Amino acid sequence: MKKALLAFVLCIGIVSPLGADDTLVRFDGGIGVIPVSNVTVNADGSVTVSRNIVRGVNPPGQIWTIARLRAEVDADGSIAVDGRGLLLAGGNNIGLNANQSVFATLICSATAPFTQFSTPTAGVRLAANGDFRIVDTLTPTPPSPCASPVLLIRNPGGAWFAAGILKLN
């Protein structure tokens, strides 16, 4: 009986660390960019347009849509992003990928200054149907915990095309 109990305790000690979850943050779902966040008609008839800037990152000049986005970031900065259907949602090239490449940026603060934790900015090419997969490491390594996470999918020029929807639990 003592040997069986000892074997059980040893197995738990070995298996528990293997099953440990070092996930920092997950995203399930995506939001395509609408470059304008607000339009105001002033008393004098002039118009003020506010760009859809997210935590210091500018939008592109055109609307983009994304069909699906899933991402997981581990505490060591490892990131895996699976995106489907990231395509232009307006203009003459609607429904096309505009020959873009994309990279991922995680931002963990809701107030400035915003530190960006990114995969290499050269990015990965979008497939013709807008699908992409990023498996890389964020640099620098994000803090743990990541207090107010936002995941942006960006082009090499720095504009954000899509954002992840935070998955709680």
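Over the chain, with a Gaussian network built from C-alpha contacts below 10 Å, which listed residue (92, 155, 42) shows the highest mean-square fluctuation?
Ranking 92, 155, 42 by mean-square fluctuation puts 42 first.
So what's the angle, to the nearest 10 degrees on a 0 to 90 scale, between helix 2-18 and the longest Cα principal axis of the chain?
For 2-18 against the chain, the angle is about 20 degrees.
May I ask you to derive the FRET efficiency for residue 93 and residue 166 from their Cβ-Cβ distance with R0 = 30 Å, giving the value to the nearest 0.05?
With a Förster radius of 30 Å, E is 0.50.
What's the local net charge at residue 142, with K and R +1, D and E -1, over the other residues with C-beta under 12 Å away?
Neighbour charge sum, excluding residue 142 itself: -2.
Suppose only helical runs count, i.e. DSSP H with n ≥ 4. What mean residue ellipticity at 222 nm does that imply for the chain under -39500 (n - 2.57) per run, divided by all residues and rounded to the nearest 500 deg cm²/dmol?
-3500 deg cm²/dmol
For residue 52 and residue 37 in the same chain, what is the full-extension length gain: residue separation times 0.36 nm, less their Cα-Cα distance, in nm?
Gain in length upon complete extension: 4.9 nm.
Identify which of 67, 89, 112 has the largest mean-square fluctuation in a Gaussian network model of the chain, with springs joining Cα atoms closer than 10 Å.
Its mean-square fluctuation being the largest, the pick is 112.
So for the pair residue 141, residue 23, with labels modelled 7 Å out along Cα→Cβ, what separation do we get in nm?
Roughly 2.1 nm, to one decimal.
Taking mean projected area of the Cα convex hull in nm² straight from the coordinates, which label in (i) 23.1; (ii) 13.5; (iii) 10.4 is the correct one?
Correct label, based on the coordinates given: (ii).
Please report the relative contact order for the range 22-167, taking Cα pairs under 8 Å with a sequence separation of at least 6, and give it as a percent rounded to a whole number.
About 29 percent, as a whole number.
Quick note: the coordinates plus some simple rules give every number you see, no bench work behind them. Computed from a predicted structure; not experimentally measured. When we count neighbours, we look across all protein chains shown, and the Cβ atoms used for this are built from the backbone with ideal geometry, even at glycine.
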